[in-house]
């Protein structure tokens, strides 16, 4: 399979599987425990049907929306994801450039392999910095200051990683950051020579936001689960989130909210938005899918703050269903990570192009000329 043969998000997944060593592919593709929640994240959209209208004059369709106070060209953006240079040597550089080309937001992780300072130089689209709350308060202070000084538009505090999820695929494959060179892993890398050659000939792997404070993931091999369980502050509280928001002084979101009560508390501490997410099914298996929770959270707080639906989105129709329920926008990680692994910046650009074209085509087929035309009148629940 080649990039020209990729016509949907699932086809990028198949190509990524061909190109990546097994431990790295399964890190992207895997989730917690039995991966029930991971599968439900996409399956949940099938429980709702779209009801189209006709004869609405839809030659010109406006896909723009305003989220976090910023206008983006389509109602989906690239969610922050970690260690992208493991998947392709271009890493976050490729995604930042692709997001800028399509006029949508790009999220940068605390565990990014490219610094916020470099991202600022190569990206002219809205930018989000995803913040992990560490035990080391000096590290937290530096992360905040670097994101602010790099003119990032949004700070998103991840709140669903108090400890690492039980990611059994990573345990089976021995995935670590950076990759541990053992006889078994060398055999895997030998089966993917192009990935291995790019990995050893490109600039050294590092986590520029952490390297001055912690060894984990920079010079010493570790698992993501170990990082979450040992480096992050398990006593993080609402007071901590409120203080972080105050210090940031700009658009502030909680990423990983799944309950109405927590969405209401987010308003109380001054959040601009909540991102409904279960971390791609990678944390608590058996938790609800974001789309399943969307209605009750929108009904509770949607008139006061932006509500973002993140998780399981693979089709333009998934985006339309979430917007019809009241989400302000959607975001996705695997949506573009498979494409990054498959073909770098060209792959991400094609994935975003496919999503944009699907959304535009589906809007026309729904009889909608702009995002605000979508409503619950367009939906029917099967159950």
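The values are calculated or read from the model by the stated rules, or taken from the named source; none is laboratory data. Keep in mind that what you see is a predicted model, and the values were worked out from it rather than measured. Neighbour counts run over all protein chains shown; Cβ positions are idealised from the backbone, glycine included.
Of the strands (runs of 3 or more DSSP E) lying entirely inside region 11-89, those containing at least 3 residues that are buried (at least 23 other Cβ atoms within 10 Å of the Cβ) are 76-81. Against the conditions (1) touching a helix residue (DSSP H, G or I) at 6+ places or on another chain (Cβ under 7 Å); (2) within 17 Å of residue 37 (Cβ to Cβ); (3) in a helix (DSSP H, G or I), residue 287 satisfies every one except (3). Would you check if residue 312 is crowded, with 24+ Cβ neighbours inside 10 Å, out of contact with any strand residue (DSSP E or B) (no Cβ under 7 Å at 6 or more places or on another chain) and assigned to a loop (DSSP other than H, G, I, E, B)? When the stated conditions are applied, residue 312 passes them. For the residues 247, 239, the requirement of being over 22 Å from residue 177 (Cβ atoms), in contact with a helix residue (DSSP H, G or I) (Cβ under 7 Å, 6 or more places away or on another chain), modelled with pLDDT of 95 or more and assigned to a helix (DSSP H, G or I) singles out 247.
Across region 168-187, not a single residue is classified as in contact (Cβ under 8 Å) with a residue 24 or more places away in the chain, within 16 Å of residue 252 (Cα to Cα) and in a helix (DSSP H, G or I).
Take the residues in region 138-163 that are in contact with a strand residue (DSSP E or B) (Cβ under 9 Å, 6 or more places away or on another chain) and at pLDDT below 95, then tell me which one is nearest to residue 276 (Cα to Cα).
Taking region 138-163 and keeping what is in contact with a strand residue (DSSP E or B) (Cβ under 9 Å, 6 or more places away or on another chain), we get 140, 143-144, 146-148, 150-163.
Still in the list and also at pLDDT below 95: 161-163.
On the way: 161: 14, 162: 16, 163: 19 Å.
This residue is 161.
Taking the criterion of being touching a helix residue (DSSP H, G or I) at 6+ places or on another chain (Cβ under 7 Å) and within 30 Å of residue 19 (Cβ to Cβ), the residues of region 34-76 that qualify are 35, 37, 38, 41, 44, 45, 74, 75, 76.
Residue count for region 103-143 satisfying the condition of being out of contact with any helix residue (DSSP H, G or I) (no Cβ under 6 Å at 6 or more places or on another chain) and part of a helix (DSSP H, G or I): 11.
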